[in-house]
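S.K.: Let me give you the structure first, and then I'll get to my questions.
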Amino acid sequence: MKPTRQQLVNLLIGKSILETLFVGTLAVVVWANAFPPTFHGWGEVVNSQAIAGWAVNNASPWERVEVQLFIDGKLHDSQVAQLSRPDIVRAGWAKDEWHGYNFAIAGLAPGLHEARVYALHQTGARMTLQLLGDPIPFVVDHR
């Protein structure tokens, strides 16, 4: 039996749907591997002298996370989040308290600035950054 024109159209539509599902699934898997949703954290300005906060990798809760501070879009400093933060254990964000960080922000020009703290994630030879919390606006006073 020779397929009818309508059967061929239905077959092509079905094939297109399957291809779309495959490509969508592949995109989600690649995105989840490149930007794992397991990093959580928060930062804030402390006495106009530092950006302090915490970073946790829920996929590996005992691991210490490397964090990088960017101020006004430029890398300012990098460190491993390993300072004591017992408040995050009480809040249920971590299994131990050693996930804190503290970046000094001295030497900046007076005015409005924006800080962003990123978790550095390495998968094989590839490194990616994931923003922790929200951007942190702060003002450096004229002194």
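S.K.: Per the helix-only calculation at 222 nm, which mean residue ellipticity applies to the chain, given -39500 (n - 2.57) for every DSSP H run of n ≥ 4 and division by its residues, nearest 500 deg cm²/dmol? Before the final figure, lay out the partial values.
M.R.: On the way: 2 runs with 35 residues, N = 143.
It comes out at -8000 deg cm²/dmol, rounded to the nearest 500.
S.K.: Work out, step by step, the length gained on full extension between Ile13 and Ala106: first 0.36 nm times the residue separation, then minus their alpha carbon distance; give nm to one decimal.
M.R.: The span from Ile13 to Ala106 would gain 27.3 nm if fully extended.
S.K.: Now a separate question. Compute the FRET efficiency between Ala32 and Leu120 as 1/(1 + (r/R0)^6), taking r as their Cβ-Cβ distance and R0 = 25 Å, and round to the nearest 0.05. Each step should come with its number before you reach the end.
M.R.: Numbers: r = 18 Å, r/R0 = 0.70.
Efficiency at R0 = 25 Å is approximately 0.90.
S.K.: Can you give the local net charge around Pro137? Use residues other than it whose beta-carbon is closer than 13 angstrom to its beta-carbon, Lys and Arg +1, Asp and Glu -1.
M.R.: Net of charged neighbours comes to -3.
S.K.: Just the number, please: carbon plus sulfur as a percent of the accessible area of the chain, 1.4 Å probe, no ligands or DNA/RNA counted. Don't skip to the answer; put the middle values down first.
M.R.: Working: 5750 of 9490 Å².
Carbon with sulfur: 61 percent of the solvent-accessible area.
S.K.: Now, a different point. Stretched out fully, how many nm does the piece from Asp87 to Ser60 gain, at 0.36 nm a residue minus the Cα gap? List each step's numbers first, then the result.
M.R.: Numbers: separation 27, 0.36 × 27 = 9.72 nm, distance 1.91 nm.
Gain on stretching Asp87 to Ser60: 7.8 nm.
S.K.: Apply the a/c threshold of 1.5 to the C-alpha gyration tensor of region 70-129 and tell me whether it is rounded, prolate or oblate.
M.R.: Working: a/c = 2.58, a/b = 1.31, b/c = 1.97.
Oblate is the answer for region 70-129, as a/c is 1.5 or above yet b/c matches or exceeds a/b.
S.K.: Let me ask you something else. Rounded, prolate or oblate: which fits region 1-106 when a ≥ b ≥ c are the square roots of the eigenvalues of the alpha-carbon gyration tensor, with rounded for a/c under 1.5 and prolate only if a/b beats b/c?
M.R.: Values: a/c = 5.08, a/b = 2.96, b/c = 1.72.
Since a/c reaches 1.5 and a/b is larger than b/c, the shape of region 1-106 is classed as prolate.
S.K.: For the chain, what is the relative contact order in percent, using Cα pairs closer than 8 Å and at least 6 residues apart in sequence?
M.R.: Values: 248 pairs, mean separation 32.5, N = 143.
Taking the mean separation of contacting Cα pairs over the length of the chain, I get 23 percent.
The values are calculated or read from the model by the stated rules, or taken from the named source; none is laboratory data. Since the structure is predicted, the reported quantities are computational estimates derived from the model, not experimental observations. Heads up, the Cβs are rebuilt from the backbone with ideal geometry, glycines too, and the neighbour counts pull from every protein chain shown. Ligands, DNA and RNA are stripped out before the accessible areas are found, and what is left, the full protein with its side chains, is counted by its heavy atoms. Shrake-Rupley method; radii C 1.70, N 1.55, O 1.52, S 1.80 Å.
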